[in-house]
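The values are calculated or read from the model by the stated rules, or taken from the named source; none is laboratory data. Since this is a predicted model, take the numbers as computed values, not measurements. Methodologically, a virtual Cβ is constructed for each residue, glycine included, from the backbone with ideal geometry; neighbour enumeration extends over all protein chains shown. Surface areas here come from the heavy atoms of the whole protein model, side chains and all, with no ligands, DNA or RNA. Shrake-Rupley method; radii C 1.70, N 1.55, O 1.52, S 1.80 Å.
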Amino acid sequence: MHTLTRTPTLTLALGLALLVPTAAAQSTVTVTQAVQAALTNGTDVRTAQANLEKATAANRAAQADPSTLAAAKLSAQQGQALATVQLRAARLSTLQNAVNAYTALYEAQENVELQTLQNAVNQKALQVAQVKQSVGNATALDVQKAQNTLAGSAQDLADARAQVNLASAKMASLTGLASGVRAAGLTTIPTLKTSLAGLRSGLDENLTSVVSAQQDVAAAQLTVKLSDNDFTPARTLQDARTALANAQRTLDAAQKNASTALASAYQTAQNAAEQLKVAASREAAAGKSYTQDAARLKSGTISAVDLQQTQLALKQAQYARLQAQDNVLESLAALSAAAGQNLTGIGGTL
């Protein structure tokens with residue numbers, strides 16, 4: 001896990017309320033808490049758990065019954081094995097959905113701050129245009145353009161606030177947490193340490209589609225075995241062999257599709273990690289620029305308006321870095337689903 005160093009947003013002594021404070025009354029949760037709540041309360045997980053319990057009981061009864069025939073015993077064994085993999089798949093899918101809902105909420109919250117600052121910058125730009133017009137250094141059109149820009153940013157801010165409520169409602173519905181919940185943010189993100197070859201090892205046992213196809217092959221093989229004798233019609237054996245060949249082709253396709261999907265998800269996760277490095281570097285550069293401009297303001301070589309623009313550039317860089325780190329976590333959740341194992345470091349082994 002890497003600790004994320006976030007450059008603090010430096011506020012200006014401009015007499016403007018640049019950032020909206022987070023509502024203290026709203027409860028906040030970490031991504032780990034959100035995922036755990038989703039795994040506990042999620043409908044898909046609870047249904048899959050119930051199905052596993054049912055399949056386990058059915059298999060236990062089938063194996064204990066001496067009158068149960070070979071095909072029925074195999075079917076019961078396969079039912080329990082498949083239900084086990086399906087439960088893991090449900091947990092990984094729920095993990096992915098919870099992570100995506102959390103990052104969407106976190107980005108929406110941070111976007112409110114960004115849009116608030118953007119709106120403040122546009123307000124100052126309008127004031128500057130009005131002052132310039134009063135001394136004959138700007139036209140009425142210049143003022144109108146500044147007003148239009150401010151109106152647009154005000155609408156963007158209103159929409160950003162609405163998106164927070166929508167994202168919060170979605171996460172509350174997914175996790176069972178109270179409505180109005182807020183994201184506490186991300187302090188660490190996992191690092192992908194497993195190789196693609198390592199993830200491919202055991203992949204066939206981790207994915208529902210492949211396990212199901214494997215079971216169809218095993219069932220078809222048993223049918224062929226039971227039909228290969230002197231008292232079963234030849235046509236029955238021929239049909240069983242055809243079914244086995246079809247099942248083997250289906251298994252081959254399932255394995256290839258799973259491998260391709262895994263490779264694609266792995267590449268996406270690697271790209272996201274590299275993009276985060278770039279975003280962090282740009283944020284650091286923006287932070288240095290702000291520090292330098294703050295010193296220049298004190299020395300009288302730039303105006304407060306100039307520094308406000310630099311602050312906006314820093315906030316934009318911070319938001320871009322936040323989006324990049326969220327992409328890393330989201331891509332690892334997607335890779336987890338493709339690999340059939342949890343690679344996010346959140347929620348345990350599953």
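The figures follow:
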quantity: On Cα atoms only, tilt of 234-299 relative to the major axis of the chain in degrees; calculated: 20
quantity: Using a Förster distance of 56 Å, the FRET efficiency for residue 135-residue 173 (Cβ separation, nearest 0.05); calculated: 0.50
quantity: Solvent-accessible area, 1.4 Å probe, carbon plus sulfur percent, for the stretch 96-230; calculated: 50
quantity: Alpha-carbon centroid distance for the pair the stretch 287-315 / the stretch 204-256, whole angstrom; calculated: 71
quantity: The stretch 124-213, relative contact order in percent, only Cα pairs under 8 angstrom and at least six apart counted; calculated: 13
quantity: Mean residue ellipticity (222 nm) of the chain, computed from DSSP H runs ≥ 4 via -39,500 (n - 2.57), nearest 500; calculated: -27500 deg cm²/dmol
quantity: Solvent-accessible surface ranking, highest first, for 315, 277, 193 at 1.4 angstrom; calculated: 193, 277, 315
quantity: Per residue accessible area in Å² of the chain, where ligands, DNA and RNA are left out and the probe is 1.4 Å; calculated: 52
quantity: Percentage relative contact order, the chain, counting C-alpha pairs under 8 Å, at least six apart; calculated: 27
quantity: Amide N of the stretch 128-172 lying under 16 Å from the label point, which is placed 7 angstrom from the Cα of residue 43 along Cα→Cβ; calculated: 170-172
quantity: Förster radius 30 Å - calculated FRET efficiency between residue 154 and residue 301 (Cβ-Cβ, nearest 0.05); calculated: 0.40
quantity: Greater than 19 Å apart at Cα, pairs in 132/315; 288/315; 124/288; 124/145; 145/315; calculated: 132/315; 124/288; 145/315
quantity: Spacing of the two label points (7 Å from each Cα toward its C-beta) at residue 72 and residue 57, in nm; calculated: 1.8
quantity: Reachable lysines, given that their alpha-carbon falls under 16 Å from the alpha-carbon of residue 225 and they are not under 8 places away in the same chain; calculated: 73
quantity: Rounded accessible area of residue 241 (nearest 10 Å², 1.4 Å probe); calculated: 120
